[in-house]
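See structure below.
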Amino acid sequence: MTDVFLKSNRLNLRWWQEGDGELAWQLWGNPEVTKLFRKEPMSQGEASDRLANEIKQGAESKVQYWPMFTQTGEFVGCCGLRPYGEKNAVFELGFHLVPEHWGMGYATEAACVVIDHAFKNLNVDTIFAGHHPENKSSRNALRKLGFIGKSAEFYEPTGLQHPAYLLYREEKPCRMRLAEQSDAYALAAVHHDSLRGTFCELAPDYANSRSLDDFEKLWNGRFDDPKCVTSVLVRGDQIVGLVSASAPRDDDSDGTFGEVGRIYLHPCVWQKGHGSALLRWCEEELARMGYVTSKLWVFEVNEIAIRFYERNGYRRDGKTKMEFGTRLLRFSKELL
C-alpha cells in the first residue's frame, strides 16, 4: 500500500484521495455505520460531499478522519481528528468502521496511533470525543483509551444529548461545582470505576452488583430527588469526583442529622487530597440544610476509608447493618 501516513501493528492509515468515492460510499453509504451519528442514511451525493470535506479539511487543518486498511489492503473504515470548537489546540477524535470489522479492536488500535500523533506532532493540548447514548462499543473504546467523561453535549445531527469525553496531554487543575443533569453519564462512570477499583477484592459481590449501564440509568434519574444535592470535582472539564449531601435514609432519623450519601473519586485522582475537599463541601452543605450532625456508612472491610473518615473527625456511633454479605459501620460527626 502506498502513501501510508500512520500505522499500527495491524493497520495502515493514509489520506483520503479524490478517487476514493467508492470507499466513501462503502463506509458512509451504509446505514448501519451512520445510524448512530445522524438521523437519516446518507445518499451517494452526501457521501461524496463528506469525502470532499475530508480532503478539504486535510489541506486546511492537516487533519482528517483518515481511511484505514489492514496490512493486506482490506478497507476497514476511518479514524482521525477534526478541529473542535474555536480553540486551536483542541481536536475531536472520531472513528467509523464498516460492519464486517466491528468487534475486532481496530477502532481502539487506530485511535492509539492517532492520539500519539496528535500529542507528539500536532501540539494538541486536548482531544474531545463523544458518541450516541446507545453506542456502547464507542463508549467502551474511549474508556480503554483513557478518555474521562465531561458534561454531555447536544448533537444536532441526532437531536440528542451525547455522552462526551476529554483526554488531556498534561495535568489540569481541579475545582468543584454543583452537578447538573448533563453530568449524569460522566457521574455514572466515576461511580462505577471508583466502586470497582475499591471493592473488586474487598467486597466483590458489591463491586459487581451493577454494570455501567445500571449506573447510567441510576444517575439519569437521580436529579429528580429534591432532598439530595450533589457536587462534582472537575479536572479541567473532566468530571473526576462526586459527593452527595442528602436527607437521612435511616429509620432512627430524628431530623437533626443529614447524610453523606456517597463520595467517590475516579482512580486517576486518588491519593491527591481531593477526598477531604469533597467531604468538607458536603459537611458545609448539610449545615446549610439545617442539620447539626453528619452521618455516613462505611463497609467494615474498607480500612482505608475508615482511617480517612477518622482523620476527618468521624467516630463510630454503634449502628451497623449488612449488605451483600458484608457489615457496614455508621460514623458520625458533629457539625460546627
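The values are calculated or read from the model by the stated rules, or taken from the named source; none is laboratory data. Since we're looking at a predicted model, the values are computed, not measured. Every residue, glycine among them, receives a Cβ derived from its backbone with ideal geometry; neighbour counts consider all protein chains shown.
Can you say whether Leu51 is surrounded by 16 or more Cβ atoms within 10 Å (Cβ to Cβ) and under 18 Å from Leu142 (Cα atoms), as far as the supplied structure shows?
Numbers: surrounded by 16 or more Cβ atoms within 10 Å (Cβ to Cβ): yes; under 18 Å from Leu142 (Cα atoms): no.
Judged against the criteria, Leu51 is not a match.
Report yes if Phe308 is under 20 Å from Asp193 (Cα atoms), in contact with a helix residue (DSSP H, G or I) (Cβ under 7 Å, 6 or more places away or on another chain) and surrounded by fewer than 18 Cβ atoms within 10 Å (Cβ to Cβ), otherwise no. Can you show your working first?
Working: under 20 Å from Asp193 (Cα atoms): yes; in contact with a helix residue (DSSP H, G or I) (Cβ under 7 Å, 6 or more places away or on another chain): yes; surrounded by fewer than 18 Cβ atoms within 10 Å (Cβ to Cβ): yes.
Here the answer is yes, as Phe308 does meet what is asked.
Is it the case, given these coordinates, that Tyr185 is under 23 Å from Thr34 (Cβ atoms), touching a Pro at 6+ places or on another chain (Cβ under 9 Å), in contact (Cβ under 8 Å) with a residue 12 or more places away in the chain and not polar (S, T, N, Q)?
Values: under 23 Å from Thr34 (Cβ atoms): yes; touching a Pro at 6+ places or on another chain (Cβ under 9 Å): yes; in contact (Cβ under 8 Å) with a residue 12 or more places away in the chain: yes; not polar (S, T, N, Q): yes.
Considered against the rule, which asks whether it is under 23 Å from Thr34 (Cβ atoms), touching a Pro at 6+ places or on another chain (Cβ under 9 Å), in contact (Cβ under 8 Å) with a residue 12 or more places away in the chain and not polar (S, T, N, Q), Tyr185 comes out as yes.
When you look at Trp270, is it out of contact with any Ser or Thr (no Cβ under 6 Å at 6 or more places or on another chain), closer than 23 Å to Lys144 by Cβ and of a type in the set (Phe, Trp, Tyr), yes or no?
Values: out of contact with any Ser or Thr (no Cβ under 6 Å at 6 or more places or on another chain): yes; closer than 23 Å to Lys144 by Cβ: yes; of a type in the set (Phe, Trp, Tyr): yes.
In short, yes.
Pick from Arg249, Arg262, Arg210, Arg196: which is part of a loop (DSSP other than H, G, I, E, B), in contact with a helix residue (DSSP H, G or I) (Cβ under 9 Å, 6 or more places away or on another chain) and either in the same structural domain as Phe308 (by TED's automatic domain parsing) or within 24 Å of Gln161 (Cα to Cα) (or both)? Spell out the reasoning first.
Working: Arg249 fails: in contact with a helix residue (DSSP H, G or I) (Cβ under 9 Å, 6 or more places away or on another chain); Arg262 fails: part of a loop (DSSP other than H, G, I, E, B); Arg196 fails: part of a loop (DSSP other than H, G, I, E, B).
Sole residue among the options that is part of a loop (DSSP other than H, G, I, E, B), in contact with a helix residue (DSSP H, G or I) (Cβ under 9 Å, 6 or more places away or on another chain) and either in the same structural domain as Phe308 (by TED's automatic domain parsing) or within 24 Å of Gln161 (Cα to Cα) (or both): Arg210.
For the stretch 266-291, how many residues meet the condition of being in contact with a helix residue (DSSP H, G or I) (Cβ under 6 Å, 6 or more places away or on another chain) and outside any helix (DSSP H, G or I)?
Of the residues in that region, 1 qualify.
Can you name every residue in the stretch 288-321 that is under 20 Å from Ser253 (Cβ atoms) and among the aliphatic types (A, V, I, L, M)?
Selection gives Met289, Val292, Leu296, Val298.
List the helices (runs of 4 or more DSSP H) that sit entirely inside the stretch 40-157 and contain at least 2 residues that are outside the structural domain of Ser194 (by TED's automatic domain parsing) and of a type in the set (Phe, Trp, Tyr). Lay out the reasoning, then the answer.
Details: elements: 44-61, 106-121, 136-144.
Where helices (runs of 4 or more DSSP H) fall fully within the stretch 40-157 and carry at least 2 residues being outside the structural domain of Ser194 (by TED's automatic domain parsing) and of a type in the set (Phe, Trp, Tyr), they are 106-121.
For the stretch 1-40, give me the residue count where each residue is free of Cβ contacts under 8 Å to residues at least 40 places away in the same chain and surrounded by fewer than 18 Cβ atoms within 10 Å (Cβ to Cβ).
Final tally of qualifying residues: 11.
Select, from Val292, Val240, Val229, the only residue that is at pLDDT 95 or above and either of a type in the set (Lys, Arg) or under 20 Å from the mean Cα position of the chain (by Cα) (or both).
Details: Val292 fails: either of a type in the set (Lys, Arg) or under 20 Å from the mean Cα position of the chain (by Cα) (or both); Val229 fails: either of a type in the set (Lys, Arg) or under 20 Å from the mean Cα position of the chain (by Cα) (or both).
None of the others qualify; the one that does is Val240.
Cβ-Cβ distance below 9 Å, separation of 6 or more or different chains: which pairs start in the stretch 273-295 with a residue that is more than 14 Å from Phe257 (Cβ to Cβ) and end on one that is exposed (fewer than 13 other Cβ atoms within 10 Å of the Cβ)?
Ser276/Arg311
Name the pairs: first residue in the stretch 133-147 and among the charged types (D, E, K, R), second residue assigned to a helix (DSSP H, G or I), Cβ to Cβ under 7 Å, at least 6 apart or on different chains?
Filtered contacts from the stretch 133-147: Lys144/Thr108.
Could you check the stretch 321-336 and list, in sequence order, the residues that are part of a strand (DSSP E or B) and farther than 23 Å from Glu201 by Cβ?
Arg330, Ser332, Lys333, Glu334
Within the stretch 128-154, work out how many residues are surrounded by fewer than 18 Cβ atoms within 10 Å (Cβ to Cβ) and small (Gly, Ala, Ser).
Summing the residues that are surrounded by fewer than 18 Cβ atoms within 10 Å (Cβ to Cβ) and small (Gly, Ala, Ser) in the stretch 128-154 gives 2.
Pull up the stretch 302-316, narrow it to residues that are part of a loop (DSSP other than H, G, I, E, B) and in contact with a Lys or Arg (Cβ under 8 Å, 6 or more places away or on another chain), then point me to the one that is farthest from Glu334 (Cα to Cα). Working first, answer last.
Let us first name the residues in the stretch 302-316 that are part of a loop (DSSP other than H, G, I, E, B), namely 302, 312-314.
Still in the list and also in contact with a Lys or Arg (Cβ under 8 Å, 6 or more places away or on another chain): 312-314.
Values: Asn312: 11, Gly313: 9, Tyr314: 8 Å.
In this case the residue turns out to be Asn312.
Just one of the numbered conditions (1) within 31 Å of the chain's Cα centre (by Cα); (2) within 28 Å of Gln161 (Cα to Cα); (3) of a type in the set (Phe, Trp, Tyr) is not true of Trp25; which one?
(1) is the only condition that Trp25 fails.
Output the number of the condition that Gln181 fails; it satisfies all remaining conditions of (1) crowded, with 17+ Cβ neighbours inside 10 Å; (2) modelled with pLDDT of 95 or more.
Among (1) crowded, with 17+ Cβ neighbours inside 10 Å; (2) modelled with pLDDT of 95 or more, Gln181 violates only (1).
Please verify whether the stretch 155-162 includes one or more residues that are in contact with a Ser or Thr (Cβ under 9 Å, 6 or more places away or on another chain) and surrounded by 16 or more Cβ atoms within 10 Å (Cβ to Cβ). Let's see the steps before the verdict.
Looking only at the stretch 155-162, we keep the residues that are in contact with a Ser or Thr (Cβ under 9 Å, 6 or more places away or on another chain), and these are 161.
Remaining after also requiring surrounded by 16 or more Cβ atoms within 10 Å (Cβ to Cβ): 161.
Yes; the residues of the stretch 155-162 include at least one that is in contact with a Ser or Thr (Cβ under 9 Å, 6 or more places away or on another chain) and surrounded by 16 or more Cβ atoms within 10 Å (Cβ to Cβ).
Just a yes or no: is a residue in the stretch 237-250 surrounded by fewer than 17 Cβ atoms within 10 Å (Cβ to Cβ) and closer than 17 Å to Trp297 by Cβ?
Yes, that holds for at least one residue.
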